[in-house]
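Okay, so here's the structure we're looking at.
What follows draws every value from the coordinates through simple rules; no lab data is involved. Quick caveat: nothing in here was measured; it's all calculated off a predicted structure. No Cβ is skipped: glycine too gets one built from the backbone with ideal geometry, and neighbour counts run over all protein chains shown.
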Amino acid sequence: MATAEASNIKRLQVKRFKPDESPKEHYLNAEKGLWSWLTTVDHKRIGLMYLGSIALFFLIGGILALVLRTELLTPTRSFIEADTYNQIFTLHGAIMIFFFLVPSVPAALGNFILPLQLGAKDVAFPRLNLASFYIYTIGAIFTLIAIFTGGIDTGWTFYTPYSAETSTNVMMMTLGIFILGFSSILTGVNFIVTIHKMRAPGLTWNKLPLNIWALYATSIIQVLATPVLAITVLLLAMERALGIGIFDPALGGDPVLYQHFFWFYSHPAVYIMIVPGFGVISEVISTFSRKTIFGYWAIALSSLAIAFIGFLVWGHHMFTAGQSSLASMVFSFLTFLVGIPTGIKIFNWLATMYKGSIDMKTPMLYAMVFLFLFTIGGFTGIMLGALVVDIHLHDTYYVVAHFHYVMMGGMVMAFLAGIHYWWPKMFGKMYSEFWAKIACGIIFVGFNMTFLPQFIMGAQGMPRRYYNYIDQFQPFHQFSTMGSYVLGVGFLIIAAYLIHSLLRGKEAGSNPWGSRALEWQTSSPAPHHNFEHTPVIINGPYDYHKPMAEFQLGIAHSHNGHHEGEKVDVETTTAQEKA
Amino acid sequence: MNRLTDYMLPPARSTLASETDALFHFINVTSIILLVGITFAILYFAWKYRRKSDDDVTPVITHNNKLEITWSVIPLIMVMIVFGWGFSGYMNLVTPPDDAYEIRVEGASWNWRFFYENGATSVNELNVPVDRPIKLIMSSTDVIHSFYVPDFRVKRDVLPNRYSSIWFEATETGESHIFCTEYCGTQHSNMDGTVNVMSQDEFDIWLEAGNAVDESVPPAERGEALVSQNGCNACHSADGSSGVGPSFAGLWGSERTFQNADPVTADENYIRESILQSNAKVLEGYDPVMPSYQGVINDQQISDIIEYIKTLE
């Protein structure tokens, strides 16, 4: 470089690369055959394999939920035995949380979209990425073995001493979750390194898409919290197999210690599940409002704040368990603090819609459903954080309803928004907008039918995990069950039109939503290595006031700034980057 | 709005229930107002700023410090109010008066046992006097249970390796439900009971009568009543159907084979042992899950239950 500040300013020659609208070659057909999928190190294919796996587990978990709801139609036995019921609610919880929610956005959508949003060819460690998928599979196999060899009836929380004494197959299940945890940790490590080291030229931290910030916060929690779960289930397994007294008072252990260990992971895990959803919602609302996101730093930093404070609130699961009043006070206080950054995000998203140009496409519809349901989940969380009220509501259906409003009304709606948003990028096909909106409406109605009555019966005193219940709750249970069937129909419709889209969908084009985000500036489906060029970023991902051309820049020639004397075909724009 | 939150809660029958209810009500009303506001904003923006043409230009509004501080600080103040309110109510809930009347509670899979000062016991039925603070000192004989009376707004986990306690003061006579709210196995949802709140006089009479034997009733009938009072019939049927435990029908005089002992013929001593050292002999095909009734059922009552089982031959 000839200039004086050559040491820290690198001059890049860039030109505009318009994405190919209907690419002949892309990542889906770059290699062929089953073997090419099983051994792929392409993050997009691994993302799709995760997507298939979590869809399978969501189906299993969903069917189990419908069985539970059907059993609850009558106050006594409807069609299954108490032990079967107990096993099914355990599996529903464990499968939905460990095999669907935790990997849903980070491992499935995140794997697919993260390198694209960074302008990278792949994640930092592609082989590790594939390994983490196989670790997930092995964990899943262990769990399936557990189901077919005696099941498990402890609830997804595996509370001791019950889990130390029950005759069901706790060992196999916890081993499955132990193994699964490593998949989560490795994905987290991979994402952190990728975000730090693989950003495209010009993509500084203040230009990162908010989805990346959310995945970054999530990855930190995954790496720090998951080992604690691994230790906990390992100790539990040691206690069962070797009779070492850690949690079981019969052996000199302490059962409340288990609860501390368990929630030290499992509360942050709630944020592993929901924070990536925040990222998706930020992307969707900005894109479909065609407007700069409001409060970029507020949203980005609140994700990190949630990640850190989220580590310090686990005790709010134990207000009735016998921790000291001082501990309860501190945990209650911190619980309210962690609510604030979440509230801030809601207001920021609303402000983004203000004076936007709002296109009510399916992903946006889901984002709005998310805002509504998640706000209810948040307010009922405030209710549960208030100490004296929580004493009454703890372990009732109120908690069940709250959890489902946050996890299903929040996370699953965000996931559906993400799926509908990135579907054209994944497969280059569009789905039926009409049926997608119908399904969204059915899911919204079915969801509220299922879970609103649960708030009421919970507050009236209906305990959770009950096979039999007293007659006064029957109308609520029946209404809730009807709602769950409606919900089931909604998901069947989604499955139907998505499959139809795969087979006969219209071509989507590279950027059907008119987004400025980087992943839309390459063809759909994406090329094998994401971009045919090295993208160069000069604007933020939500700068809708800048022309589209400025978002499609790439390094003009392959030798990355060297030999700048050479003649190349360059358009007028130049970009500067601080090295 | 008042009626909605009242509808959501069970009747308030303890002195502290109103405090919980007031906070419940406050959070509900505030949340509903905010939720309506947010929902209205979502719908209004979606309609008002709907896309009119593909060339719509939107303003560049990146942030607004004043607005953002406002919507951070106001919710912060509000949750701090909720926090303080909830904490002060909680302190009342965990601080029993010094003169509270104490009752021992034992949770055992799957029933509740209550031990009173004079040696009287009851199972699944807690008798307490009205208008008097009651302190329950609770422990578990096996896994974790949780003692919950919705009408009193009290709940506390019952642990196997330590005592925990709650207190309440009932404000009216009548019956209220007890639930176990910590999952404890097969019959978790049947581990329920009743609080009978009675006048002090009635309570004293009950306490005196306590475990007195009603000689006018034949032993077998007393035994049948005991089987239901003590929750035996939750696991042991009288009609031959197999539950968590073996049925009482056909038990008397039958040959029993065990996982952990030599076979015996079911006689008085076998039944007595099964009640007091419940897992000394575990029948083939069943799990060792029955809690001991040592100290809950006395010798006279055991004899009555044996008489009852004899009738089910």
- Extension gain (nm, one decimal) between A:M548 and A:E532, 0.36 nm per residue minus Cα-Cα: 4.0 nm
- Out of B:F258, B:F152, B:F203, a Gaussian network model of chain B with alpha-carbon springs under 10 Å gives the largest mean-square fluctuation to B:F258
- Rg/Rg_globular for the range A:73-141, with Rg_globular taken as 2.2 N^0.38 Å and Rg from C-alpha atoms: 1.68
- Which whole number gives the average, over all residues in A:340-352, of C-beta atoms from other chains lying within 10 Å of the residue C-beta? 4
- Note on the structure: Within the under-14-Å Cβ sphere about A:H316, not counting A:H316, Lys/Arg +1 and Asp/Glu -1 give a net charge of -2
- Separation between Cα centres of the range A:395-420 and the range B:187-253, rounded to whole Å: 43 Å
- 3J(HN,Hα) from dihedral phi, the range A:412-419, Karplus parametrisation 6.51/-1.76/1.60, rounded to Hz, x for glycine, proline: 5, 5, 5, 5, 5, 4, x, 4
- For the range A:470-544 and the range A:252-309, write down the distance between their C-alpha centroids in whole Å. 21 Å
- Query: How about the range B:125-230: which GluC sites (Glu not before Pro) there lie in a loop by DSSP and see at most 14 other Cβ atoms within 10 Å?
  - Reply: B:E172, B:E215
- Item | For the range B:1-142, convex hull of alpha carbons as volume per residue, Å³ | 218 Å³
- Under a straight-distance cross-link criterion of Cα-Cα below 28 Å, which lysines are reachable from A:K24, leaving out those fewer than 8 residues away in the same chain? A:K15, A:K32, A:K44, A:K121, A:K361, A:K425, A:K429, A:K506
- Message: Compute the angle between helix A:433-459 and the longest alpha-carbon principal axis of chain A, please, reported from 0 to 90 degrees and rounded to the nearest 10.
- Response: 30 degrees
- Message: Counting only other residues whose beta carbon sits under 15 Å from that of A:T218, what net charge do I get with K and R as +1, D and E as -1?
- Response: 0
- Task: Starting from 0 in steps of 5 Å, tell me what percent of the Cα-Cα pairs of the range B:98-252 lands in each bin.
- Result: 2, 9, 16, 21, 19, 15, 10, 6, 2, 0, 0
- Query: Cα extents of the range B:219-303 along the three principal axes, largest first, in whole Å?
  - Reply: 31, 26, 23
- Rounded to a whole number, the Stokes-Einstein D of the range A:1-109 in µm²/s (Kirkwood radius over Cα pairs; 4 °C; 1.567 mPa s) is 69 µm²/s
- Item | Kirkwood-Stokes translational diffusion coefficient of the range A:397-487, alpha-carbon pairs, 10 °C, 1.306 mPa s, µm²/s | 109 µm²/s
- Residues other than A:S510 with Cβ under 11 Å of its Cβ, Lys/Arg counted +1 and Asp/Glu -1, net out at -2
- Task: Treating the angle as unsigned and between 0 and 90°, give the value, to the nearest 10°, between the Cα long axis of helix A:170-197 and the longest Cα principal axis of chain A.
- Result: 20 degrees
- The ratio Rg/Rh over the Cα atoms of the range A:327-481, Rh being the Kirkwood inverse mean 1/r radius, stands at 1.04
- Note on the structure: Going residue by residue through the range A:354-362, the Karplus relation 6.51 cos²θ - 1.76 cosθ + 1.60 with θ = phi - 60° gives ³J(HN,Hα) values, rounded to whole Hz and with x marking Gly or Pro, of 4, 6, x, 10, 8, 9, 7, 7, 3
- Message: Give me Rg/Rg_expected for the range A:44-97, where Rg uses Cα atoms only and Rg_expected = 2.2 N^0.38 Å with N residues.
- Response: 1.41
- Relative to the longest principal axis of the C-alpha atoms of chain A, give the angle of the C-alpha long axis of helix A:397-406, reported between 0 and 90° and rounded to the nearest 10°. 10 degrees
- Note on the structure: By the C-alpha gyration tensor axes a ≥ b ≥ c (rounded if a/c is under 1.5, else prolate when a/b exceeds b/c, else oblate), the shape of the range A:348-387 is oblate
- Long-range amide H partners of B:S247, meaning residues 5 or more apart or on another chain whose placed amide H is closer than 5 Å, are B:S237
- Which peptide among B:29-37, A:243-251 comes first, and what is the full order, when sorted by highest mean count of other Cβ atoms within 10 Å? A:243-251, B:29-37
- Message: Need one number: the % of Cα-Cα pairs in chain B sitting beyond the 27 Å mark.
- Response: 57 percent
- Counting only other chains, what is the mean number of Cβ atoms within 10 angstrom of the Cβ of each residue in peptide B:72-78? 4
- Under a 5 Å amide H to amide H cut-off, with H placed in plane at 1.01 Å, what residues pair with B:I178 once short-range neighbours are removed? B:G193, B:T194, B:V195
- Query: So, how do all the Cα-to-Cα distances of chain A break down into 10 Å bins, in percent, from 0 on up?
  - Reply: 3, 17, 27, 27, 15, 7, 3, 1, 0
- Taking the highest mean first, how do the peptides A:231-242, A:278-289, B:155-166, A:357-368 order by number of other beta carbon atoms within 10 angstrom per residue? A:278-289, A:357-368, B:155-166, A:231-242
- What average count of beta carbons from other chains do you get within 10 Å of the Cβ of residues in A:279-291? 2
- Message: Under 24 Å between alpha carbons, and skipping anything fewer than 8 positions from B:K310 in its own chain: which lysines qualify?
- Response: B:K281
- Each residue of the range B:236-247 in turn: what ³J(HN,Hα) in whole Hz from Karplus with 6.51, -1.76, 1.60 and θ = phi - 60°, glycine and Pro shown as x? 10, 7, 10, 10, x, 7, 7, x, 5, x, x, 6
